[in-house]
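Everything on this sheet refers to the single structure shown next.
The values are calculated or read from the model by the stated rules, or taken from the named source; none is laboratory data. Here the structure is a predicted model, which means the values were calculated and not measured. Every residue, glycine as well, gets a Cβ built from its backbone with ideal geometry; the counts of neighbours run over all protein chains shown. Quick note on the areas: whole protein, heavy atoms, side chains included, nothing else; ligands and nucleic acids left out. Shrake-Rupley method; radii C 1.70, N 1.55, O 1.52, S 1.80 Å.
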Amino acid sequence: MDNVPFSITKRDGQQVPFSLDKIMNAIVKAFQSVGEPVDLSNISRIISRLDIHDGIIVEDIQNQVEEALMREGHYRVAKSFMLYRQKHFEDRETLEKLNFLVEYCKASNAATGSKYDANANVEHKNIATLIGELPKSSFIRLNRRLLTDRIKKLYGKELADRYMHLLTHHFIYKNDETSLANYCASITMYPWLIGGTASIGGNSKAPTNLKSFCGGFVNMVFMVSSMLSGACATPEFLIYLNYFIGLEYGADYWQHTDRVVDLSVKQRNIDKVITDCFEQIVYTLNQPTGARNYQAVFWNIAYYDRYYFDSLFGDFRFPDGSAPDWDSLSWLQKRFMTWFSMERTRSVLTFPVETMALLSQDGECRDSEWADFAAQMYSEGHSFFTYLSDNADSLSSCCRLRNEITDNGFSYTLGAGGVSTGSKSVLTINLNRCIQQAVKEEVSYLDYLADIVDLCHKVQIAYNENLKELQQHGMLPLFDAGYINIGRQYLTIGVNGLVEAAEFLGLQINDNDDYRQFVQSVLSVIEQYNKRYRSRELMFNCEMIPAENVGVKHAKWDREDGYLVTRDCYNSYFYRVEDTALTILDKFKLHGAPYIEHLTGGSALHLNLDEHLSQEQYRQLLRVAAKEGCNYFTFNIPNTVCNDCGHIDKRYLHECPECHSRNVDYLTRIIGYLKRVSNFSQPRQEEAQRRYYHHA
């Protein structure tokens, strides 16, 4: 070991000066604990075997001490050292959990109280959410050990050490380390349609009628979601629901929905039967569940225009050989959307997250009927995403994947477009820290990034090998049963801090040549490596992650370590969320084709407005999006919730229009899903206050 001062990394990531005396004292105590004489020459030989360097993790030093003791033949001492180390680890962990328990109970809400995963989808802080939080630190340690062990096998100890160095120094961030499950999936429901849930460990049969479809669908989504750490998208949901309604009431049911079909006292007509199905499914899936740490499941669905539907499902056939009927499906999609929009004035309903998939051509939506309907729904205050593409390359998936599919033939094992796809793992690069560090070291930031991007791909490959091993042992039934195709799942390289890095370099954050060139040069580095490492088995994509938690964490960590930090939460957009100078059109440009061309995993434009536009205005913005190549976007107008009478209004108000109370809360999108602002973590609530809302 050199005598040059350097730092080591503690278990919590904190950097402290290295002290040789502490190591020597620990070794001496281990000798004394078993009654063996302390020989300084033995101590010196043990110390000489240690390879300690700047940034090394405390656990690695302790591992080396154990190995050195055994190599020198001091087996009883080594055992004592291990037992002492384990006891202190258990005492320290228990104390940490006790302290966390106390602080969590005092926290204002579950998101603020969470140390690792400040998830606003958890509405209520209670014993169930606390139980879910307590083991998270253990999961993080386990996941890191599993991954670094695999990296060592594939690429050697040096790369594993560098990964941990970049991770603990916050150059990169491993998403969802608190879960063993793979990330998110847009599933195909076909295996359930023909075999029920038996293939994934359930006991429900395949649906045979409308009633069994509704109940079985809910059970299936709960089961699938319990085996994912992220979202579960069911892009075929309304197609299959339409099929079972047709079996029950005829293919032309949608033309006479006022016909009474219920002989009970209620005398329900077809429309009431259908909306009762909507209610059963939506309200059940919005309930918090034990399998997801008292969260509702992250559930996504899709709507399609005629051209999108034909491109993706034109060749699809149900088990009885029949094809989906577009006319009835078109009616059902509109009915569900209008019902859900109205239901959100009665209750706070977060899920499903909806995506409207529209095909465009020459700056215009090809299906004018569905484009008009989308604009109408926006004008009536409904909140959903629009995916606009000149090619049917994606369905609503949890991570907005652009799959670049050219063969649109349906196969439930290969997926149809975005069906049966998703993201296995997300590893995010902190662009602001990386670029600032490169400038500090006087090296090209693109070369510096390339080295980190290369490492990230190797780490993701190691993760994929662990996933394959789990599958080989029967631990991933969703893959085996065909709900998800592991070959159609992406390994995602996420980015965060892009705007902040550009600010550090002195760039203006608007649509200009310098900023555009910066964005393209940075993101193209990732795309180059995505293509380099792609194989018949592996696919990579790049996404500007929503960063509900890590946007706050990166800002905090970077500020503590002396980097330039311009805001308390890093952006998830190509513009500054608080910027009042940019127009609505500017933001569509900044999420247009020149900026997103290398983001194969997507980036959603969240356009914040303080009041709703007209149908004609929204229709024009769809044309703007098509012209600019902005392919994924939504409009956010805060909805007002009265805390006194419970009234929900889709306008941004400061007083309840029903009881005139000023004790109101607001619903808006923290990232991808609609929640009360009071359920955001405290830092995210502060960020929400800084968002600029355009005046109509």
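Scanning the stretch 457-492 for residues that are hydrophobic (A, V, I, L, M, F, W, C), in contact with a Gly (Cβ under 9 Å, 6 or more places away or on another chain) and under 16 Å from residue 230 (Cα atoms) yields one hit, 484. Among 592, 602, 629, which is the only one that is closer than 24 Å to residue 353 by Cα, touching an Asp or Glu at 6+ places or on another chain (Cβ under 9 Å) and in contact (Cβ under 8 Å) with a residue 60 or more places away in the chain? Just one listed residue meets the conditions, 602.
Name every residue in the stretch 338-362 that is surrounded by 14 or more Cβ atoms within 10 Å (Cβ to Cβ) and within 18 Å of residue 621 (Cβ to Cβ), in order of residue number. If the condition is that a residue be surrounded by 14 or more Cβ atoms within 10 Å (Cβ to Cβ) and within 18 Å of residue 621 (Cβ to Cβ), then 354, 355, 356, 357, 358, 359, 360 are the ones that fit. Only residues that are in a loop (DSSP other than H, G, I, E, B) and not basic (Lys, Arg) were counted across the stretch 201-218, and they come to 8.
Matching residues to (1) part of a strand (DSSP E or B); (2) touching a strand residue (DSSP E or B) at 6+ places or on another chain (Cβ under 9 Å); (3) within 30 Å of residue 593 (Cβ to Cβ); (4) among the aliphatic types (A, V, I, L, M):
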residue: 644; (1), (2), (3), (4): no, yes, no, no
residue: 655; (1), (2), (3), (4): no, yes, no, no
residue: 667; (1), (2), (3), (4): yes, yes, no, yes
residue: 671; (1), (2), (3), (4): no, yes, yes, yes
residue: 675; (1), (2), (3), (4): yes, yes, no, no
residue: 678; (1), (2), (3), (4): no, yes, no, no
residue: 689; (1), (2), (3), (4): no, no, no, no
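Looking only at residues in the stretch 473-486 that are in contact (Cβ under 8 Å) with a residue 24 or more places away in the chain and out of contact with any strand residue (DSSP E or B) (no Cβ under 8 Å at 6 or more places or on another chain), the one that is surrounded by the fewest Cβ atoms within 10 Å (Cβ to Cβ) is 480. Pairs linking a residue in the stretch 507-520 that is touching a residue at least 60 places away in the same chain (Cβ under 8 Å) to a residue that is of a type in the set (Ser, Thr, Tyr), with Cβ atoms under 8 Å and 6 or more positions apart or on different chains, are 509/515; 509/575; 510/575; 516/595; 519/595; 520/595.
Results for (1) out of contact with any helix residue (DSSP H, G or I) (no Cβ under 6 Å at 6 or more places or on another chain); (2) charged (D, E, K, R); (3) assigned to a loop (DSSP other than H, G, I, E, B); (4) without any contact (Cβ under 8 Å) to a residue 12 or more places away in the chain, shown as yes or no for each residue.
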residue	(1), (2), (3), (4)
220	no, no, no, no
228	yes, no, yes, no
235	yes, no, yes, no
240	yes, no, no, no
244	no, no, no, no
262	yes, yes, yes, yes
266	yes, yes, yes, yes
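Residues of the stretch 215-234 that are open to solvent by 20 Å² or more (accessible area, probe 1.4 Å) and among the hydrophobic types (A, V, I, L, M, F, W, C): 222, 223, 227. When each of 148, 234, 178 is tested for being in contact with a strand residue (DSSP E or B) (Cβ under 8 Å, 6 or more places away or on another chain) and among the hydroxyl-bearing types (Ser, Thr, Tyr), the lone residue that passes is 234. Of everything in the stretch 241-266 that is open to solvent by less than 40 Å² (accessible area, probe 1.4 Å) and under 18 Å from residue 339 (Cα atoms), the residue that is nearest to the chain's Cα centre (by Cα) is 241.
Note on the stretch 435-448: residues that are in a helix (DSSP H, G or I) and surrounded by fewer than 23 Cβ atoms within 10 Å (Cβ to Cβ) total 8. In the stretch 166-200, what residues are part of a loop (DSSP other than H, G, I, E, B), more than 22 Å from residue 466 (Cα to Cα) and not hydrophobic (A, V, I, L, M, F, W, C)? If the condition is that a residue be part of a loop (DSSP other than H, G, I, E, B), more than 22 Å from residue 466 (Cα to Cα) and not hydrophobic (A, V, I, L, M, F, W, C), then 169, 170, 188, 196, 197 are the ones that fit.
Just one of (1) assigned to a loop (DSSP other than H, G, I, E, B); (2) under 16 Å from residue 572 (Cβ atoms); (3) out of contact with any Asp or Glu (no Cβ under 6 Å at 6 or more places or on another chain) trips up residue 651, so point out which. Just one mismatch for residue 651, condition (2). Across the stretch 41-89, the qualifying residues are those that are within 39 Å of the chain's Cα centre (by Cα) and open to solvent by 90 Å² or more (accessible area, probe 1.4 Å), and the one among them that is farthest from residue 148 (Cα to Cα) is 87. Among the criteria (1) of a type outside the set (S, T, N, Q); (2) farther than 26 Å from residue 359 by Cβ; (3) out of contact with any Pro (no Cβ under 8 Å at 6 or more places or on another chain); (4) in contact (Cβ under 8 Å) with a residue 24 or more places away in the chain, the one residue 285 does not fulfil is (3). Residue 140 meets the conditions (1) modelled with pLDDT under 85; (2) open to solvent by less than 70 Å² (accessible area, probe 1.4 Å); (3) of a type in the set (A, V, I, L, M, F, W, C) in every case but one. The failed one is (1).
Across the stretch 290-324, the number of residues qualifying as in a strand (DSSP E or B) and touching a helix residue (DSSP H, G or I) at 6+ places or on another chain (Cβ under 6 Å) comes to 3.
Exactly one residue among 38, 102 is over 30 Å from residue 135 (Cβ atoms) and surrounded by fewer than 16 Cβ atoms within 10 Å (Cβ to Cβ), and that residue is 38. The residues on offer are 209, 203, 269, and the sole one that is at pLDDT below 95, open to solvent by 40 Å² or more (accessible area, probe 1.4 Å) and over 21 Å from the mean Cα position of the chain (by Cα) is 203. Restricting 470, 431, 427 to those that are modelled with pLDDT of 95 or more and surrounded by fewer than 19 Cβ atoms within 10 Å (Cβ to Cβ) reduces the list to 470. Scanning for something open to solvent by 30 Å² or more (accessible area, probe 1.4 Å), more than 30 Å from residue 166 (Cβ to Cβ) and among the small types (Gly, Ala, Ser), does the stretch 21-32 turn up at least one residue? Looking for residues that are open to solvent by 30 Å² or more (accessible area, probe 1.4 Å), more than 30 Å from residue 166 (Cβ to Cβ) and among the small types (Gly, Ala, Ser), one finds none in the stretch 21-32, hence no.
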